[in-house]
Amino acid sequence: MRKIGILLGVAGLMCSLLCSSCSGDNDLTKASVLIHSDVDSCFSSTLMKLMDEELSLRSSIKWEQSASPDKKQAQIVLSIEGEDETPPEGYRIFFERKKGENTLRIIGADKRGLLYGIGHLFRILSISNNQILLPEEIDISSAPAYPIRGHQLGYRNTANSWDTWTVRQYEQYIRELVLFGSNCIEDIPFQSDSQSVHMRMPHREMHIRISEICEKYDVDYWVWTPAEGNLAEESVREAALKRHEEFYKSIPRLDAIFFPGGDPGDNHPEHVMPHLKELSKLLKKYHPDAGVWISLQGFDLEKINYFLDYLNTYNPDWLTGVVNGPSSPPVDLERDSLADKYLHRLYGDITHTIRCQYPVENWDQAFALTLGREPTNPQPEYYAGILRRDIPFTDGFLSYSDGVNDDVNKVIWNQVAWNPDKDVREIVVEYCHFFFGSDLAQQAADGILALEKNWNGSLRDNKSVEETLALWKKLESSHPGLETNWRWQQLVMRAYYDAYIRARLIYEQDLEKKANSILGLAGEAGADSAISMALAELQKATSSPVASGLREKVVSYCEALFKSVGLQTSVPIYQASGYERGCILDFIDYPLNNRWWLEDEFEKILDMGTEEEKIERIEIIRSWSNPGPGQYYDNISSVSEGLNVISRTDDAIDYAWWDNGFSRKRLSTQLFQFSPILEYSGLDTECDYLIRVAGYGEALIRANGTRLEARLYNKELETFKEFILPKELISEGQLRITFDRPDEAHLNWRKYSKVTDIWLIPQ
């Protein structure tokens with residue numbers, strides 16, 4: 001475990017609670033602020049402005065700055081004592097009572113320590129419009145466990161909100177992240193110069209301003225700088241060097257550049273490393289203490305070995321460290337492969353839900369199809385677990401984020417990296433205390449944790465979704481003053497959205513069941529007549545929609561979020577850069593049954609030449625997910641229709657994303673696994689079985705470890721592969737189906753083989 005800070009945690013005693021009717025010793029309403037002379041005047045001004053502005057957001061009270069100790073009233077004293085007792089970035093907060101003085105002292109090991117101490121204070125103060133109380137006697141000492149704690153906040157047109165922001169909004173957000181423990185921010189200056197319709201400031205100018213903000217709060221300023229073209233070409237390298245130098249000259253602060261190896265880009269390290277060496281010379285010219293980092297993202301084994309051999313051969317001092325991100329080697333193995341001189345940092349994706357590094361576990365298809373890849377995604381328990389698992393092999397993290405949708409997750413990672421043992425609920429309570437007020441902290445924390453539970457397992461069976469909505473509706477009505485708070489808006493909106501999708505799912509699934517029952521009468525009523533009646537039943541989803549009131553609330557909150565924080569939940573309405581960028585409003589009515597697919601299939605059937613052909617195809621359609629007695633069907637990516645599927649994470653559920661998310665294909669074909677694992681029990685050992693597989697590409701199937709040969713092998717979507725399972729391979733009624741991964745390294749990942757549906761049919 002590479003813990004480079006010393007975690008002190010809570011070292012002092014937490015004494016008896018005080019209330020507003022007590023002696024008033026902890027009443028800070030009329031406190032003044034004394035900043036010790038060991039804090040330089042510029043940073044002193046930053047601290048005072050910070051406290052003034054944070055107070056003004058919560059109260060009409062103002063703390064005046066004093067130049068000397070005041071025995072007549074409570075005083076908050078800020079100082080820096082960077083001696084042996086407090087590790088770097090650490091702080092101590094305690095009351096000092098002597099000679100009639102009532103002094104709350106915040107002592108930082110350094111400037112950052114002071115900021116973190118102030119952040120801690122604001123997370124525990126009870127602030128109302130006319131009173132400020134410190135509810136507990138405190139003596140707290142704390143320091144971070146890991147030295148790198150930050151987030152990527154790239155000003156670019158592909159982010160779901162940041163392209164709308166002003167400098168003031170960036171400063172406020174960076175400040176808030178700092179108060180929760182961040183010490184670095186990563187910007188994206190080079191990927192694209194294209195202006196979004198929302199940008200109020202040119203790229204170049206905003207990057208300078210973000211660097212200035214980082215300097216103001218003593219936050220490390222990093223930049224993400226992927227290759228722009230083929231580095232084997234001299235002209236490309238020279239253009240990149242020129243562009244980098246212009247950038248380095250223009251910004252007041254730069255602490256590190258991060259070069260992603262293969263996401264994006266496809267350059268071999270034989271070209272990357274000499275290029276980075278040249279960049280490092282330019283970097284040191286303008287920012288002598290700045291570091292150079294690289295990730296091995298997208299590198300195959302040959303490239304990884306080349307890189308490691310390069311380090312062993314040249315032992316470059318110009319390289320600071322290695323970043324572990326999506327598609328990097330396993331974090332523990334990567335750390336073990338590096339010499340101790342090189343630092344190691346996580347680049348974890350905390351912003352996406354699907355087709356990503358950390359897909360949501362046991363996520364219902366209905367959410368994947370409507371909320372998509374970049375929704376508001378508070379998952380405190382999930383992301384705390386991920387970081388606790390991976391951060392011991394690193395020196396910290398700087399997350400991948402693409403907007404404000406992951407705001408809760410940012411704070412979770414900040415606080416877990418500060419103290420890996422800190423209780424998750426305590427972190428969420430502090431988040432709610434800071435942003436929503438002390439009177440609401442516990443209830444709002446319960447609401448956030450409930451939103452995470454909304455996403456666990458079958459949505460149809462998850463009755464807690466309505467309970468979550470009821471909780472948030474109660475908070476919504478009792479705290480109207482928060483209606484303009486964008487964090488609050490996101491959380492309440494999600495509660496309404498989840499409930500609306502559940503109501504639609506139940507309604508539309510039931511419509512499809514009725515339609516399939518009608519299709520079962522085709523032999524008697526005729527194919528055309530059965531299709532007409534089934535179609536009318538399916539179209540009730542639009543002609544007689546369900547839960548319209550919930551939908552209206554979502555629409556209203558999306559409008560409010562665009563106005564408050566620039567969150568772009570729609571391409572046509574809010575000019576989001578793409579449907580993948582959190583456009584939940586565009587998919588709020590996406591069919592949650594196979595209505596679109598059935599409509600298209602019905603047209604094909606009506607064009608068939610004979611009644612017999614029509615009936616045959618209708619039978620395949622209506623029984624697709626409802627096989628007969630003794631038969632098994634698994635929708636591979638469905639937590640409700642994939643009951644025999646045991647593979648749930650990592651390789652599990654991905655989203656094909658055809659037609660910008662508006663595909664009319666059968667729902668089961670749109671989400672898939674590459675190599676699912678299924679287990680069955682209680683099978684008939686006296687008969688053979690037919691295994692039918694739907695998907696795309698290859699299906700290298702094994703039954704209890706034995707590879708099966710196909711009798712039918714269609715590779716296109718919605719066609720079948722069939723394999724005979726001899727009874728001899730069924731051991732005591734038990735069956736485990738697995739899939740070997742074909743060698744598809746030469747293909748784009750979107751073309752990889754996929755499995756979507758599996759049937760097990762006795763013969």
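The phi-based Karplus calculation (6.51 cos²θ - 1.76 cosθ + 1.60; θ = phi - 60°) puts the 3J(HN,Hα) values of the stretch 110-119 at 7, 4, 4, x, 4, 4, 5, x, 5, x Hz, whole numbers, x for Gly and Pro.
Per residue, what volume in Å³ does the convex hull of the Cα atoms of the chain enclose?
Enclosed volume per residue, from the Cα hull, is 184 Å³.
Loop-only check: which trypsin sites (Lys or Arg not before Pro) in the stretch 463-558 are DSSP coil with at most 15 other Cβ within 10 angstrom?
On the way: sites: Lys463, Lys473, Lys474, Arg487, Arg494, Arg502, Arg504, Lys513, Lys514, Lys540, Arg551, Lys553; in loops: Lys463.
Listed in order of number, the matching sites are Lys463.
Here the extension length gained between Leu747 and Thr484 equals 89.9 nm, from 0.36 nm per residue of separation less the Cα-Cα distance. Going from the residue with the fewest nearby Cβ atoms within 10 Å to the one with the most, Ser45, Ser675 rank Ser45, Ser675. With R₀ set to 60 Å, the beta-carbon distance separating Glu613 from Lys563 gives a calculated FRET efficiency near 0.60. Note on Asp528 and Ser548: the model spin-label points, each 7 Å out from Cα along the C-beta direction, lie 3.4 nm apart. For Arg388 and Leu606, a Förster radius of 60 Å and the Cβ-Cβ distance give a FRET efficiency of 0.55, rounded to the nearest 0.05. In a DSSP loop and with at most 12 other Cβ atoms within 10 Å, the GluC sites (Glu not before Pro) in the stretch 218-263 are Glu233.
Test of understanding: what is the full-extension gain from Ala536 to Cys42, defined as 0.36 nm times their sequence separation minus their Cα-Cα distance?
Working: separation 494, 0.36 × 494 = 177.84 nm, distance 7.12 nm.
My answer for the length gained is 170.7 nm.
Roughly what % antiparallel, to the nearest 5, for the DSSP beta bridges in the stretch 32-142? Approximately 50 percent, going by the DSSP bridge assignments.
Distance between the 7 Å Cα→Cβ label points at Asn714 and Asp70: 8.2 nm. The label-point distance for Lys30 and Asp688, in a model that sets each label 7 Å from Cα toward Cβ, rounds to 9.4 nm.
Tell me, rounded to the nearest percent, the portion of alpha carbon pairs in the stretch 527-567 spaced more than 14 Å apart.
Values: 531 of 820 pairs.
When every Cα pair of the stretch 527-567 is considered, 65 percent fall beyond 14 Å.
Less than 17 Å apart at the alpha-carbon level, and either on another chain or at least 8 residues along: which lysines does that give for Lys98? Counting by Cα, and skipping residues close in sequence, Lys98 has these lysines nearby: Lys71, Lys72.
Subtracting the Cα-Cα distance of Glu53 and Lys453 from 0.36 nm times their residue separation leaves 140.5 nm of extension gain.
Quick note: the coordinates plus some simple rules give every number you see, no bench work behind them. Just so it is clear, the structure is predicted and the values come from calculations on it, not from any experiment. Note that we place each Cβ from the backbone using ideal geometry, even for glycine, and neighbour counts take in every protein chain shown.
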